[in-house]
Amino acid sequence: MLNNVVTTSGLTKHYGSIKAVDNLSLEIPAGSVFGILGPNGSGKTTTLGMLLNVVNPTSGTFAWFGSSSHSDNRQKIGSILETPAFYPYLSAVDNLKIVAQIKAIGFGNIDPALKTTGLYDRRFSAYRTFSLGMKQRLAIAAALLCDPQVMILDEPTNGLDPKGIAEIRTLIKEIALQHKTIILASHLLDEVQKVCTHFAVLNKGKLVHAGPVFEHREQQLLEIGAENPEVLLETLLQFPEQLNAVLKNNLVTVTLPANLRVVNVSRFLFEKGIDITHLVLQQKSLETQFLEILNEQA
Ligand SMILES: Nc1ncnc2c1ncn2[C@@H]1O[C@H](COP(=O)(O)OP(=O)(O)OP(=O)(O)O)[C@@H](O)[C@H]1O
Ligand SMILES: [Mg+2]
């Protein structure tokens, strides 16, 4: 069982003096929905381009499926980076038949791909009658035709309205359920938080963070108030497990480890004779953390 579908080591792309991607070492776990987050121009598309052999690295290496030979991977990796030009007057089915012929594969996957992408009912409609969201889903259907193990999506919800965005999100989750690994570049934190299991943050071509989303979703801040905040802080520091607690504006903020619940803390304080006057649990959003991560780099 392979743990990573792709690993990169010191992957670098320079355009003249621009370091589009700078010494990137990344591991993308098999079965993950891996978000590559970063502001505009941070190197996301360039990274995906290198992984797809459409951009030549300046230096560094990458290996798909544990092998640095890139010859036999084309059928295993689907992407919408090289979206085929669809014919406006042909139907969805006929367009996919052309794609299948170009890829030299049978028509057997056309119906399943149309069903997965929710276009089956509209399969005989001409491409030109499709909404932007449907066009995007047809591109994903085309990428699904060779039943790839990995799907690479670059900003798949760009330009879509909230309904179109929600449809793409559902689709991404459905594709993930088919045991495919998804690599998704996005500058939308919310998108990554909602669909990804893992994420990496790029800033000016450099990797500034990589890890599971789950860990972050679990990270919660507990705001506590009491008659005497100093005593409250002292008491919290006596908690059997070491807690990160800080006193600010007469409130103590505790970073709650994943294994603890609010009642563990409140019961402890009650037993120590502390009257709690204020108790608020805040989810630390990925956005807050993303900004913290970027600020740490500044
Ligand atoms: N073909 C090219 N020639 C010159 N510079 C390039 C080229 N492609 C990308 N760059 C530069 O490399 C940097 C990274 O670009 P890239 O498109 O990878 O960023 P991105 O993170 O995908 O941005 P966005 O969120 O806007 O899509 C940018 O400064 C960009 O101008
Ligand atoms: Mg891009």
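The values are calculated or read from the model by the stated rules, or taken from the named source; none is laboratory data. Model, not experiment: these values are computed from the prediction. Ideal geometry is used to build each Cβ from the backbone, glycine not excepted, and the neighbour counts take in all protein chains shown.
Descriptive notes on the structure:
- Flag for residue 121 being more than 20 Å from residue 168 (Cβ to Cβ), surrounded by fewer than 17 Cβ atoms within 10 Å (Cβ to Cβ) and either among the aliphatic types (A, V, I, L, M) or assigned by TED's automatic domain parsing to the domain that holds residue 173 (or both): no
- Residue in the range 246-255 that is within 16 Å of ligand 2 (Cβ to nearest atom), in contact (Cβ under 8 Å) with a residue 24 or more places away in the chain and in a strand (DSSP E or B) present: no
- Scanning the range 64-120 for residues that are outside any helix (DSSP H, G or I) and of a type in the set (Val, Ile, Thr) yields 77, 80, 83, 105, 117.
- Flag if residue 150 is touching a His at 6+ places or on another chain (Cβ under 7 Å), under 30 Å from residue 74 (Cβ atoms) and surrounded by 14 or more Cβ atoms within 10 Å (Cβ to Cβ): no
- Checking residue 55 against (1) away from ligand 1 (no atom under 15 Å from the Cβ); (2) in a loop (DSSP other than H, G, I, E, B), the condition it does not meet: (1)
- In the range 180-203, the residues that are away from ligand 2 (no atom under 14 Å from the Cβ), more than 18 Å from residue 79 (Cβ to Cβ) and in a loop (DSSP other than H, G, I, E, B): 197
- Conditions (1) under 22 Å from residue 149 (Cα atoms); (2) more than 14 Å from ligand 2 (Cβ to nearest atom); (3) among the hydroxyl-bearing types (Ser, Thr, Tyr): number failed by residue 58: (1)
- In the set (1) touching a residue at least 12 places away in the same chain (Cβ under 8 Å); (2) surrounded by 13 or more Cβ atoms within 10 Å (Cβ to Cβ), the condition left unmet by residue 128 is number (2).
- Per-region count, the range 2-20, residues within 11 Å of ligand 1 (Cβ to nearest atom) and of a type in the set (Ser, Thr, Tyr): 2
- In the set (1) within 16 Å of ligand 2 (Cβ to nearest atom); (2) over 18 Å from the mean Cα position of the chain (by Cα); (3) touching a residue at least 12 places away in the same chain (Cβ under 8 Å), the condition left unmet by residue 87 is number (1).
- Unique residue being closer than 23 Å to residue 191 by Cα and free of Cβ contacts under 8 Å to residues at least 60 places away in the same chain when the list is 35, 78, 49, 16: 49
- Residue satisfying condition, being more than 16 Å from ligand 2 (Cβ to nearest atom), among the hydrophobic types (A, V, I, L, M, F, W, C), buried (at least 17 other Cβ atoms within 10 Å of the Cβ) and within 21 Å of residue 196 (Cα to Cα), within set 93, 6: 6
- Just one of the listed residues (251, 232, 221, 243) is closer than 30 Å to residue 271 by Cα, modelled with pLDDT of 95 or more and surrounded by 15 or more Cβ atoms within 10 Å (Cβ to Cβ), and it is 232.
- Enumeration of residues in the range 239-251 that are under 33 Å from the mean Cα position of the chain (by Cα) and not acidic (Asp, Glu): 242, 243, 244, 245, 246
- Tally of residues being within 16 Å of ligand 1 (Cβ to nearest atom) and surrounded by fewer than 22 Cβ atoms within 10 Å (Cβ to Cβ) across the range 21-45: 7
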